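Reading through the structure tokens given below for one structure.
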Amino acid sequence: MTPETQPVNSPQDLLERWIGDLPHQLLLLEQVLLPGAITFDYSPGSLDALERQLLERHDAEQHRELTEAATAYLGEVLLGVAGGAWGWHTRPVGERPGQPVVRPDQELELSPVAPMLLISYALRVRTGTAFAEEVERLRQAVAERRHEVPGWEPVKEHTPGVDPGVPLPEHPALTAWLAERREALSAWAGDAFGGAWRWNLHPETLDWLETVLRQRFATAQEFDAAREEPFVQGAGWYLGEVIRRNRGAVWQYVPAPGSSLESGWTGVPFVDQPAKRGGGAAVPSVCLRELFDGERKDSLRDLLSWFRPTSYAHVGALLQRLDMVSREKVDSVLTDYADFAHNDLPPNEVADALQAFGVAISAHADDVDDLEESYAGILAAAAELTDGAVSITDVRLRADEEYDEVLEFARNGVLVTQPTEHQSDEYLDHLAIVEFIGHVDPDPGTDPRRFHMVDFVRQPNGVYETYFVFATPEQAAGLARELGVELH
């Protein structure tokens, strides 16, 4: 059977086209029309800033483009409050054959809301509160329904390409390709970067990668001829890894049906952000080719601006999905961090966020007041995460004839001795911590969780804490895949 197609410009066709264009409209609003003007976290509170910007910037030249993009964002926020889905109203509006509307959850028994008309109303009355008043009206309806049916929550229909989702299961072809690329990394980096530190996956290294590519290939035809060779395959992997490790994207792969590709997204590895609202996606090999076909004017590094960085809110949502923290814990942390819960987190602060949600510990990288007390604090914090499975007592740092200095502690009453080496009496031995933290792992037969050292993208000569996340192997794999970190 072939899929049923809707007549051109029918209400259903117009609605499908509107929904398909939503990711573009939202990205246009955030990256081009109102960059940095509001916090695009899809919260009702963000609508105050949106309305303010519309009142300040709305002019005839930008009228249609800004209205459509703002309609997309306003509608998605309203759907987040009242649930429901997008619909289409057939009454023409100017030259438009109708307009998109928001249909709240049907159990609320509310009429559809037309975001475009709400924007027009806001521009006419100029109170700056029109959006907030509509949100409050919807909230009141939701509260009344909850009072009638305890535990009821409005249900929002998933908006493709906008609402967060779950990454695809890793395809065997992708698994094999990633393993091959990692195994060949050392040789590839030596070839591409001459053994220099530039291959540390920091965004600035993409400038060097672009330079190397342009030195090797003069035309798109030359690039195409070498596309399956190790150097180009490695370059594609490196570009994707920089995006993944610095923006929390995931590698994805959709097999090509039959013997031919249906689109540029099938049969090739690509990086995606399915778990982030309005996240980015890119096929690295295509991005590299665009350097030579005249289509790409931006640098490779500019690609990162189209991917949504990780935030405390993203980390909390992932931890809840992986069953590592409760909804109450997530809400509590996000309330405490409300002023920057949706702010961009650099890779090292992603690890710090894991500690904020209570699933990780850290070892201080700077000077400490007392070495023994600091080691005791690290061990106590680790033991606390085991929920009583492991107790640590009698921590002491003492001189030793063979190792000069050792750390001793009792794990469930059994003595553990760890050699340490200190360049001064103010700095912890992080290598020793990596070695002894495994003694705080619960017995594998009773609890599969263990401590994993969190590795993230670092700048040369930077000073960073050492983090350890407490997770099952499955949870660790999920964190590594979606947060752009490596767990050891």
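When the charge dipole of the chain is built from unit charges on Cβ atoms (+1 for Lys and Arg, -1 for Asp and Glu) and taken about the Cα centre, the candidate among 34, 357, 484 whose Cα reaches farthest toward its positive end is 34.
What shape does segment 172-306 have by the C-alpha gyration tensor, where a ≥ b ≥ c are the square roots of the eigenvalues, rounded means a/c under 1.5, and otherwise prolate means a/b greater than b/c and oblate the rest? Judged from the Cα gyration tensor, segment 172-306 comes out rounded (a/c under 1.5). Segment 437-470 and segment 226-245 have Cα centres separated by 28 Å.
The relative contact order of segment 172-306, computed from alpha carbon pairs under 8 Å that lie at least 6 residues apart in sequence, is 25 percent.
When +1 charges are put on Lys and Arg Cβ atoms and -1 charges on Asp and Glu Cβ atoms, the dipole computed for the chain relative to its Cα centre reaches about 2260 debye.
May I ask for the angle, rounded to the nearest 10°, between helix 205-216 and the longest principal axis of the chain, with both axes built from Cα atoms and the value confined to 0 to 90°? Roughly 80 degrees, rounded to the nearest 10. Look at the Cα gyration tensor of the chain: its axes a ≥ b ≥ c give a/c of at least 1.5 with a/b at or below b/c, and that counts as oblate.
With charges set only on the Cβ (+1 for Lys and Arg, -1 for Asp and Glu), what does the dipole of segment 314-487 come to about its Cα centre, in debye to the nearest 20? Numbers along the way, then the final one.
Numbers: 10 positive and 36 negative charges, 205 e Å.
Dipole size: approximately 980 debye.
Using only side-chain charges placed at the Cβ, +1 for Lys and Arg and -1 for Asp and Glu, the dipole size of segment 172-306 relative to its Cα centre rounds to 480 debye.
Restricting to Cα pairs below 8 Å that are 6+ residues apart, what does the relative contact order work out to for segment 346-488? Please round to a whole percent.
Computed over segment 346-488, the figure is 27 percent.
Can you give the angle from 0 to 90° between the axis of helix 371-385 and the longest principal axis of the chain, with both taken from C-alpha atoms, to the nearest 10? The angle comes out at about 50 degrees.
Let a ≥ b ≥ c be the square roots of the eigenvalues of the Cα gyration tensor of segment 180-220; is it rounded (a/c under 1.5), or, if not, prolate (a/b larger than b/c) or oblate? It is oblate, given that a/c is not under 1.5 and a/b is not larger than b/c. Taking the dipole about the Cα centre of the chain, with the C-beta of Lys and Arg at +1 and of Asp and Glu at -1, give me whichever of 423, 86, 454 is farthest to the positive side. The residue sitting farthest along the positive end of the dipole is 86.
Using C-alpha pairs below 8 Å separated by at least 6 residues, the relative contact order for the chain is 11 percent.
Positive end of the dipole of segment 204-339 (Cβ unit charges, origin at the Cα centre): among 271, 304, 325, the Cα lying farthest that way belongs to 325.
Rounded to the nearest 10 degrees, what's the angle between the helix 46-57 long axis and the longest principal axis of the chain, both from Cα atoms, 0 to 90? It works out to around 50 degrees.
Fully extending the segment from residue 56 to residue 191, taken as 0.36 nm per residue of separation minus the present Cα-Cα distance, adds 43.3 nm.
Read the figures in this text as sums done on the coordinates, not as results from a lab. Fair warning: this is a prediction, and the values are worked out from it, not measured in the lab. Because the Cβ atoms are built from the backbone with ideal geometry, glycine has one as well, and the counts that use them run over all protein chains shown.
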